[in-house]
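Here is the structure we will look at, set down as structure tokens.
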Amino acid sequence: MTTTAEPGTGTPRERDEVARRADAFVEDLSEWLRIPSISADPGHHGDVARSAQWLAERLRAEGWPQVEIWDDTEALPAVFASWPAADSGAPTVLVYGHHDVQPADLEDGWSFEPFAPEVVGEELRGRGASDDKGHLAMVRLGLAAHLAATGSGAPAVHLKFLAEGEEESGSAHLGALLAAHREALACDAIVVTDTGMVGRDAPTVCTGMRGMVDTEVVFRGATVDLHSGQFGGAVPNPVTELARLVAALHDERGRVQIPGFYDDVRLPSDVERASWAALPFDEPEWLAVSAAGAQATAGEDGWSTYERLWARPTAEVNGLHGGYAGPGHKTIVPHGATLKLTFRLVADQDPATIAAAVRAFVEERTPAGISAEVTTSGPGVPPLICEVDSALVGSIREAMGQALGADVLPAREGGSGPEALLATELAAPLAFLGVMLPSDRIHAPDERAVLPLLLSGAEATAHLWRLLGERGV
Ligand SMILES: [Zn+2]
């Protein structure tokens, strides 16, 4: 392996080059964060387009030979860029992230203006500072450092860059976008930069995310609410019956009772479990800070909190509504009740199979006198796990390790994204490189990024391009 240390200092050149650009990086990212590119809100779709424009201009200014805004499908504008390596035999790596953000309003409980970014101590505060503009800016900074450190006019790998414009609203048209541009996106490996680490003192690389499928169940009885004196006890109550269904979802050990639910679950390897067990986990702090004051851990018996989040599927009640909830009392038998459920899935569960199993479960438990309607909003998101022993994951661990000065252990994340779609559509191995922290409050009020971590992340990507150029993917 070549070394990039400055003679006599031991400091990697990439770190110096990142440090040299740190102030400009913060200024540039802050400018981008002022654009409220909220994909979920049609009122902000103009801002999503503005954000794409802003990014495309920056990429051109930074020297990317090919930069395009893709707005030729139903997808909100995405930005694509490509920079060939000097060595035509180098591998092609596609970096994926997204430039849209979650909605944010001061009234949601923010203690600062979400789209007026500011630096406080080590933090850059603002919506998108971490998820995911901060991470895309990190990749851009890393490339500048890589080019400067290697003294080359081109990266060590053929680099491609895709910033999606509607990840935060479910990537509904990403499949169409990938299909329309399959040739431009062809690559040997995908690096997703939209994930994080277990903690600042516990550098980890994400090696898997859960999938998801949602279901809405509506129970209906009479056509209108009935008088609970004249009819109560003589007709079924949809709220009671739906509550019974909810109660039947789990047994007392926390296992989901839907027949076939666990059939396709792939268990984590012993090596992974041992590695997760070695990660620090401060339960009181995790409850108080990350879980915003949750009062106890809970879940499926026999699994640690990390295992429950990363390797076990769940059935979660997101909402249960029915009947009267206003002031005082209203003596009725409600005419209907609604249940919203999401299921987080792990490899190798299939969203369609799980949705069908849920439907059968509801059908079985719908009592006489109640009609049930079960709907799913879309095809769901398949789970994805990386091969932990792969060369690609190994190189990412090494690159992050060099930048962070620590061993980087494998971990996973409990959330869901378009990873499986990317890996399947582009038929390439996929891995993650991100430095978000659980305390970054992504998707929540007061989002922030820890600047020294973004700078280390940039250095890590700079090392990664060099490593992959030397050894392939
Ligand atoms: Zn994200």
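Looking only at region 401-414, residues that are of a type outside the set (K, R) and touching a strand residue (DSSP E or B) at 6+ places or on another chain (Cβ under 6 Å) come to 5 in all. Residue pairs whose Cβ atoms lie under 8 Å apart, separated by 6 or more positions or on different chains, with the first residue in region 443-455 and over 16 Å from F25 (Cβ atoms) and the second among the hydroxyl-bearing types (S, T, Y) and surrounded by fewer than 17 Cβ atoms within 10 Å (Cβ to Cβ), are P445/S111; D446/S111. Taken over region 185-228, the criterion of being within 16 Å of the ligand (Cβ to nearest atom), outside any strand (DSSP E or B) and either among the β-branched types (V, I, T) or at positive phi (or both) is satisfied by T193, T195.
Conditions tested, residue by residue: (1) within 30 Å of T223 (Cβ to Cβ); (2) among the aromatic types (F, W, Y); (3) part of a strand (DSSP E or B).
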| position | (1), (2), (3) |
| --- | --- |
| A243 | yes, no, no |
| V271 | no, no, no |
| S275 | no, no, no |
| D301 | no, no, no |
| Y306 | no, yes, no |
| R312 | no, no, no |
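A399 satisfies every condition listed in (1) open to solvent by less than 60 Å² (accessible area, probe 1.4 Å); (2) over 12 Å from L433 (Cα atoms) except (2).
Taking (1) open to solvent by 10 Å² or more (accessible area, probe 1.4 Å); (2) over 28 Å from L345 (Cβ atoms); (3) within 15 Å of the ligand (Cβ to nearest atom) in turn, S169 satisfies each apart from (2).
In summary, no helices (runs of 4 or more DSSP H) completely within region 1-120 bear 2 or more residues that are in contact with a Pro (Cβ under 8 Å, 6 or more places away or on another chain), without any contact (Cβ under 8 Å) to a residue 60 or more places away in the chain and polar (S, T, N, Q). Among the candidates L422, L433, L426, the residue that is touching a residue at least 60 places away in the same chain (Cβ under 8 Å) and surrounded by fewer than 24 Cβ atoms within 10 Å (Cβ to Cβ) is uniquely L426.
I want to confirm something. Restricting to region 99-152 and keeping residues that are open to solvent by 10 Å² or more (accessible area, probe 1.4 Å) and at positive phi, which single residue is farthest from the ligand (Cβ to nearest atom)? Filtering region 99-152 for residues that are open to solvent by 10 Å² or more (accessible area, probe 1.4 Å) and at positive phi, the one farthest from the ligand (Cβ to nearest atom) comes out as G151. Could you list, in sequence order, the residues of region 292-335 that are open to solvent by 50 Å² or more (accessible area, probe 1.4 Å), touching a Ser or Thr at 6+ places or on another chain (Cβ under 6 Å) and over 26 Å from V346 (Cα atoms)? Matches in region 292-335: H321, T331.
The set of residues from region 173-231 being among the basic types (K, R) and either closer than 30 Å to E307 by Cβ or open to solvent by less than 10 Å² (accessible area, probe 1.4 Å) (or both) comprises R200, R210.
Taking the criterion of being in a helix (DSSP H, G or I), in contact with a strand residue (DSSP E or B) (Cβ under 9 Å, 6 or more places away or on another chain) and closer than 23 Å to P418 by Cα, the residues of region 147-177 that qualify are E167, E168, S169, L174, L177. When the residues of region 248-291 are narrowed to those that are aliphatic (A, V, I, L, M), more than 30 Å from A352 (Cβ to Cβ) and touching a residue at least 40 places away in the same chain (Cβ under 8 Å), which ends up surrounded by the most Cβ atoms within 10 Å (Cβ to Cβ)? So, considering only residues that are aliphatic (A, V, I, L, M), more than 30 Å from A352 (Cβ to Cβ) and touching a residue at least 40 places away in the same chain (Cβ under 8 Å), the one surrounded by the most Cβ atoms within 10 Å (Cβ to Cβ) is L279. Selection over region 306-326 of residues that are closer than 15 Å to E272 by Cβ, in contact (Cβ under 8 Å) with a residue 24 or more places away in the chain and out of contact with any Pro (no Cβ under 8 Å at 6 or more places or on another chain) gives a count of 3. Any residue at all in region 35-45 that's of a type in the set (D, E) and farther than 30 Å from A186 by Cβ? Yes - at least one qualifying residue is present in region 35-45.
Being within 16 Å of the ligand (Cβ to nearest atom), of a type in the set (A, V, I, L, M, F, W, C) and open to solvent by less than 10 Å² (accessible area, probe 1.4 Å) is true of V79. Close Cβ contacts (under 6 Å, 6 or more residues apart or on different chains) running from residues in region 128-145 that are under 13 Å from L33 (Cβ atoms) and among the small types (G, A, S) to residues that are open to solvent by 10 Å² or more (accessible area, probe 1.4 Å) and more than 10 Å from the ligand (Cβ to nearest atom) comprise A129/R448.
Contact map, region 168-192: first residue charged (D, E, K, R), second residue open to solvent by 30 Å² or more (accessible area, probe 1.4 Å) and not in a helix (DSSP H, G or I), Cβ cut-off under 9 Å, separation 6 or more or different chains; pairs are E168/A40; E168/Q102; E168/P103; E168/H443; D188/H158; D188/P429; D188/V473. For region 336-346, residues that are out of contact with any helix residue (DSSP H, G or I) (no Cβ under 7 Å at 6 or more places or on another chain) and open to solvent by 10 Å² or more (accessible area, probe 1.4 Å) total 4. Out of all the residues in region 371-394, which are within 25 Å of A277 (Cβ to Cβ) and of a type outside the set (D, E)? The answer is P383, L384, I385, C386, V388, S390, L392, V393, G394.
The values are calculated or read from the model by the stated rules, or taken from the named source; none is laboratory data. Here the structure is a predicted model, which is why all the values come from computation and not from measurement. Positions of Cβ are backbone-derived with ideal geometry, glycine not excepted, and every protein chain shown enters the neighbour counts. When the accessible area is computed, the model is the full protein with side chains, heavy atoms only, and any ligands, DNA or RNA have been set aside. Shrake-Rupley method; radii C 1.70, N 1.55, O 1.52, S 1.80 Å.
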